[in-house]
1. Roughly to the nearest percent, how much of the accessible area of the range 105-185 is carbon and sulfur, given a 1.4 Å probe?
2. Considering only C-alpha atoms, what is the centroid distance from the range 198-244 to the range 104-157, in Å?
3. Quick one: with all protein chains in place, what share of the accessible area of the range 191-260 is carbon or sulfur, to the nearest percent (1.4 Å probe)?
4. Let me spell out the model: positive unit charges on the Cβ of Lys and Arg, negative unit charges on the Cβ of Asp and Glu, origin at the Cα centre of the range 294-339. What dipole size does that give, in debye rounded to 20?
5. Too long at a 26 Å Cα-Cα cut-off: which of Lys207/Lys336; Lys147/Lys278; Lys147/Lys167?
6. Run the paramagnetic zone check for Val327: 7 angstrom along Cα to Cβ, then residues of the range 293-309 with backbone nitrogen under 19 Å.
7. Provide the per residue accessible area, probe 1.4 Å, for the range 105-185, rounded to a whole number of square angstrom.
8. Apply 1/(1 + (r/R0)^6) to the Cβ-Cβ distance of Val209 and Lys255, taking R0 = 30 Å, and write down the FRET efficiency to the nearest 0.05.
Amino acid sequence: MMRALGLQAQSRCLDRKQNSSRHSTAQSICNTSGRAPTTTYLSWQQAEDAPSCSGQGVSLAMPRGRKAVCCYATHRAGETSSHVPGTLDLPPHLADFADPRVGPDLTDILPALSPKQLADAIWGFAKQGLQPAQDLMDAIAAEVQSKLEHFRSQDLSNTIWALAVLKYQPSEEWWGAFERQVYNNITDFTDRDMANLMWSLAMLDHKPVWVLGPLLASASDTFPTFSPNALHLVGWACGKLGYCPGPEWLEAYLKASQASFFQLSPTEMSNIVWALAKLGHKLPAKWLDSFLMVAQWRFPSFSAKTLSVVAWAVAALGHTPSQEWLVSFEHQVREKFNDFSGQELACIAWALRRFGYTHEHNAVFYMLQRQDQFLEADYEILANSRLLSTVLAWQSERGYGSSGGGGSDSAAGGAGNRPLGGSPSDN
């Protein structure tokens, strides 16, 4: 009997040792006496094991990842958190902090957040599709600025991406501090961080030339390790910003992008060639021929919009595709004719003329000859002076009337004014 009692005591002691570390934190913060809830900071491992505590505000001092945004979920007094720490799901109560009536609560705890938590918080708003009040955004931006010198490359990338998604334009002073910190971390950006950073700068229409030069030069050394999506976003951002990197950068970019042609989506392919055309680069014919070959092989998956962008970009680059490519392209235009907007048809008409494709084989001209019915696109064409001048020129060539002036070489510039977008990959 004594032996049995001894074994039972050992078992209970072992159980107490295993559970004490898990529940000590919870026991210290659980408040059952009716006092006002308080915010308690826990280490990440403690928070991982702590049970939920009714009526408590729990902030997780997490050293890594975006999980820090969970610390805001239960900050409001008198609320119960059912969120399980350690998951990537953002708490539903996060929406409360986008409400100006609740905003001051978050403003009060901003100074207590680390740079990582601050970056994760604003990232959480953008990821959830929440739009905080202007006063709250100003407060967050001011707090970010005061701590920028401690931001790492990923924090910088996440923060500026969130600002771009939320369409928040910081002050010039804020931009200056941000640019200096980007420069200080210039060799630490991963391909994903770089893609998010460049995309965000383009969306906010901010072109810090003194930073972009060394930043892109540093990235060119690691282009072979970039994902296809990251390559696409960096190229698109350069085109959107109108920033032309040097020839060495272009050579490295072309080599890396060509190796990724089969991994790029049709939208990514069209964005890349659009950006290069917008920047006015003279591209090697070998690269363009390889690009067109892959595009032709994947034509069935191209949308009407991507077809128009590719045609405009290749024509703007001064390259003429093979006759086989043109026949295949024209076939795709006919098949997807009802999907084109007037602007996209104008781009295609302009590009085909630059390619020397005669009106007898031109899908746009074919459409204009139909007398039985008119589509919405037909009326858009008649309202588009650039395309109308091209049509009149064709009619003049066939002796149908006086010339209205040939299509301008800049007729398709509008295709580049509506980029196909692209969102940064999640970090």
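1. Numbers: 1480 of 3240 Å².
Of all accessible area on the range 105-185, carbon and sulfur atoms account for 46 percent.
2. A separation of 24 Å, based on Cα centres.
3. Numbers: 1430 of 2640 Å².
Heavy-atom surface of the range 191-260 belonging to carbon and sulfur, 1.4 Å probe: 54 percent.
4. Values: 4 positive and 4 negative charges, 24 e Å.
In debye, rounded to 20, the range 294-339 gives about 120.
5. Working: Lys207/Lys336 37 Å; Lys147/Lys278 37 Å; Lys147/Lys167 21 Å.
Too far apart for the 26 Å limit: Lys207/Lys336; Lys147/Lys278.
6. It comes to 293-300, nothing else.
7. On the way: 3240 Å² over 81 residues.
That works out to 40 Å² for each residue.
8. On the way: r = 25 Å, r/R0 = 0.82.
After rounding to 0.05, the efficiency reads 0.75.
The values are calculated or read from the model by the stated rules, or taken from the named source; none is laboratory data. Please read these numbers as outputs of a predicted model, since none were measured by experiment. Positions of Cβ are backbone-derived with ideal geometry, glycine not excepted, and every protein chain shown enters the neighbour counts. When the accessible area is computed, the model is the full protein with side chains, heavy atoms only, and any ligands, DNA or RNA have been set aside. Shrake-Rupley method; radii C 1.70, N 1.55, O 1.52, S 1.80 Å.
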